[in-house]
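The structure under discussion appears below in the form of structure tokens.
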Amino acid sequence: MDRADVDSRIRALIEPFNKKNVEVADSTTFAGDLEFDSLTVMDFVAAIEDEFDIIITMNQQAEIETYGELVTAVCSLAGR
Amino acid sequence: MSSGVSQPDQPAERSGESPDLFAKFDPIIAQRETLLATGVEDPFSLVMERVLSPTRAVCNGRDTILLGTYNYMGMTFDPDVIAAGQRALADFGSGTTGSRVLNGTYRGHREVEEALRDFYAMDHAMVFSTGYQANLGIISTIAGKGDYIVLDIDSHASIWDGCALGNAEVVPFKHNDIDAMEKRLRRIPEGAGKLVVLEGVYSMLGDIAPLKEMVQVAKAHGAMVLVDEAHSMGFIGENGRGVVEAQGVIDEVDFIIGTFSKSVGTVGGFCVSNHPKFEILRLVCRPYVFTASLPPSVVATAATSIRKLIHAGEKRARLWGNSQRMHGGLRELGFTLGTEEPQSAIVAVIMPDLERGAAMWEALLREGLYVNLARPPATPANMTLLRCSLCAEHSEEEVEAILGMFARAGRAVGII
């Protein structure tokens, strides 16, 4: 799957959760920069899973700290 | 032998760059200090000085009605249960000092497992030292590397810890959302083992799961199903076997997890199952093997209590009556509750925030009523709750008295 395409679709999904309109770059962290709490993470992950018809297990989530890592993980999961 | 045992505690002075490992607790220490600075009694340091009955105790010096003990069926002072415990204590001693697989299986452990098989009409029963260990042990052992656990996001800590102890892939779904569960099951790679973990009653809000539909969906996807019925045993379902029985899917589920520390009235946990290979778990389940078994008096009280619960139809009816009256009465007073209708013996009263929740909790304690204060992170959606669990032994007069206390405390704190 095309990385630019995945990137733009995730960018659209992140918007309603990005309450403070933080500028999102590959190095942006979910816990630190975007201040996602565990409930937000659950809803956001569910939105991505439905968009790409994938599952991102808790084990995989634990390895994802930044926006760029998320895009990479989704590209890999959706490409299978 | 340590030569330091008689020395007073001497805080070590740390040197170098390493951080204090306790620094991670600073936010919770600060939150606690802020709360206690308002002058409220510490909700997490209550002492029961005397226990008078399943529904009454002397707490922090006051005669108090207990409405937060999960002692649903009021078995803790049942004369037959007490007598069985006393006999076992005298005949078998105070403890087993051993693992179930070594020297820790006494006659009483076999008898309580037999009582469970009879209660649930199932082939196998395995007793753990606590309910927490039952979930920890079963989940971490049966779901291994490459398997998938699909579970409700509001699952109890013991279920999450069972997932964390094992090596399976963990996939949560939105609370009680059948569609969200189905989607996740559908996306699991072909050929992988699947375990769906659900609860009958969710203890924070007292709501039940749509098990009929969920178990069907799980089975359609080839998953094994484990249901934690800790908060329903003894009174939900015609024979008290839980929400799985009430919704007619008990024969479809693979494992039921339960506890002795609620309706049964003592401590311990268990798993019952019809799986033909179930007994092998006694050798491979580490939280079962590497801990001491329950004391003889505990298994004797549990076995007696479970056998009495088989015939407790009248108590079941009284408990439902109490739950309905409490739920309806609190709604009439204007409180916001966790469920629209009473679904279990738990009635959760939703507080506007932690400060007013703690103030309300203390006002109730001063009135002579004990309820559970539940707060984030244990609660869903970061709510603060006053959790009320009813008992079959609460009298109608006590229930009315409790409603009066809620009315006065609620007005004093400004919640209603």
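Just so you know, all these numbers are worked out from the coordinates, no wet-lab data involved. As the structure is a prediction and not an experimental result, all values here were calculated from the model. Here Cβ is always computed from backbone atoms with ideal geometry, including for glycine, and neighbour counts include all displayed protein chains.
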By the scheme Lys and Arg +1, Asp and Glu -1, what is the net charge of all other residues having a beta-carbon under 15 Å from that of B:Gly368? -3
Could you work out which residue, out of B:Arg117, B:Arg184, B:Arg56, moves most in a Gaussian network model of chain B, that is, has the largest mean-square fluctuation with Cα springs under 10 Å? B:Arg184
For B:Glu41 and B:Ala164, compute 0.36 nm times the residue count separating them, minus their Cα-Cα distance, and round to one decimal in nm. 40.8 nm
Report Rg (one decimal) and Dmax (nearest whole number) for the stretch B:141-275, counting Cα atoms only, units Å. 14.0, 44
Angstrom value of the Kirkwood radius, inverse mean 1/r, which spans all Cα pairs in the stretch B:282-416: 17.1 Å
Running a GNM on chain B with Cα contacts under 10 Å, which residue among B:Cys59, B:Cys163, B:Cys391 ends up with the highest mean-square fluctuation? B:Cys59
Would you kindly give the portion of the calculated P(r) for the stretch B:133-198 that falls above 16 Å, as a percent of all Cα pairs? 40 percent
Vicinal HN-Hα couplings computed from phi for the stretch B:192-203 (Karplus, 6.51 cos²θ - 1.76 cosθ + 1.60; Hz; Gly/Pro x): 7, x, 10, 10, 9, 10, 10, 10, x, 10, 8, 6
Using the Kirkwood radius over Cα pairs, work out the Stokes-Einstein diffusion coefficient for the stretch B:263-304 at 37 °C and 0.692 mPa s, in µm²/s as a whole number. 272 µm²/s
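Would you calculate, for chain B, the mean residue ellipticity at 222 nm contributed by helices, counting each DSSP H stretch of 4 or more residues as -39,500 (n - 2.57) and dividing by all residues, to the nearest 500? Present the calculation step by step, with values, prior to reporting the outcome.
Numbers: 14 runs with 161 residues, N = 416.
When only DSSP H runs of four or more count, the value is -12000 deg cm²/dmol.
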Which percent of Cα-Cα pairs in the protein assembly as shown sits in each 10 Å bin, short to long? 4, 17, 24, 26, 20, 8, 1, 0
Give the average, rounded to an integer, of partner chain Cβ atoms located within 10 angstrom of each Cβ in B:144-154. 1
Please find the FRET efficiency linking B:Ala23 to A:Glu35, where r is the Cβ-Cβ separation and R0 is fixed at 25 Å, and quote it to the nearest 0.05. 0.80
Beta bridges by DSSP in the protein assembly as shown, antiparallel share as percent, to the nearest 5: 60 percent
More than 40 angstrom apart: percent of Cα pairs within chain B: 21 percent
Once Rh is set to the Kirkwood radius over Cα pairs, what Stokes-Einstein translational diffusion coefficient, in µm²/s, holds for the stretch B:79-310 at a temperature of 10 °C and a viscosity of 1.306 mPa s? 89 µm²/s
If the cut-off is a Cα-Cα distance under 15 Å, which aspartates and glutamates reach A:Lys19, setting aside same-chain residues fewer than 8 apart in sequence? A:Asp33, A:Glu35, A:Asp37, A:Asp43
Just order B:97-107, B:44-54 by mean Cβ neighbour count inside 10 Å, highest at the front, would you? B:97-107, B:44-54
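For the stretch A:3-78, calculate the relative contact order in percent as a whole number, restricting contacts to Cα pairs under 8 Å that are 6 or more residues apart.
Details: 54 pairs, mean separation 33.0, N = 76.
Relative contact order of the stretch A:3-78: 43 percent.
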Peptide A:36-44 - average C-beta neighbours from other chains (10 Å radius): 2
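Averaging sequence separations of C-alpha pairs under 8 Å and six or more residues apart, then dividing by the length of chain B, give the relative contact order as a whole percent. Walk me through the intermediate numbers first.
Working: 808 pairs, mean separation 90.0, N = 416.
This gives 22 percent for chain B.
Note down the net charge around B:Cys285, summing +1 for each Lys or Arg and -1 for each Asp or Glu among other residues with Cβ under 12 Å from its Cβ. Could you put the intermediate results ahead of the total?
Values: positive: B:Arg100, B:Arg282, B:Arg286; negative: B:Glu279.
Net charge around B:Cys285: +2.
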Whole-Hz couplings from phi, Karplus 6.51/-1.76/1.60, listed for the stretch B:397-406; x for Gly and Pro: 5, 5, 4, 5, 4, 4, 4, x, 5, 4
Report the antiparallel proportion of the DSSP beta bridges in chain B as a percent, rounded to a multiple of 5. 60 percent
For B:Thr339 paired with B:Leu102, estimate the spin-label separation in nm (one decimal), with each label point 7 Å from Cα along the Cα-to-Cβ line. 4.4 nm
Count of lysine pairs in chain B with Cα atoms under 26 Å apart, counting only pairs 8 or more residues apart in sequence or on different chains? 21
Principal axis dimensions, largest first and in whole angstrom, of the stretch A:34-80 by Cα: 30, 19, 17
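Net charge around B:Leu198, counting only other residues with Cβ within less than 9 Å of its Cβ (Lys, Arg = +1; Asp, Glu = -1)? Can you show the working numbers first?
Working: positive: none; negative: B:Asp152, B:Glu199, B:Asp228.
Around B:Leu198, the surrounding residues sum to -3.
Report the gain in length on full extension from B:Asn274 to B:Ala121: 0.36 nm times residue separation, minus Cα-Cα distance, nm rounded to one decimal. Walk me through the numbers before you get to the answer.
Details: separation 153, 0.36 × 153 = 55.08 nm, distance 0.93 nm.
My answer for the length gained is 54.1 nm.
Please average, across the residues of A:56-63, the number of beta carbons from any other chain that are within 10 Å of each residue's own beta carbon, and give a whole number.
4
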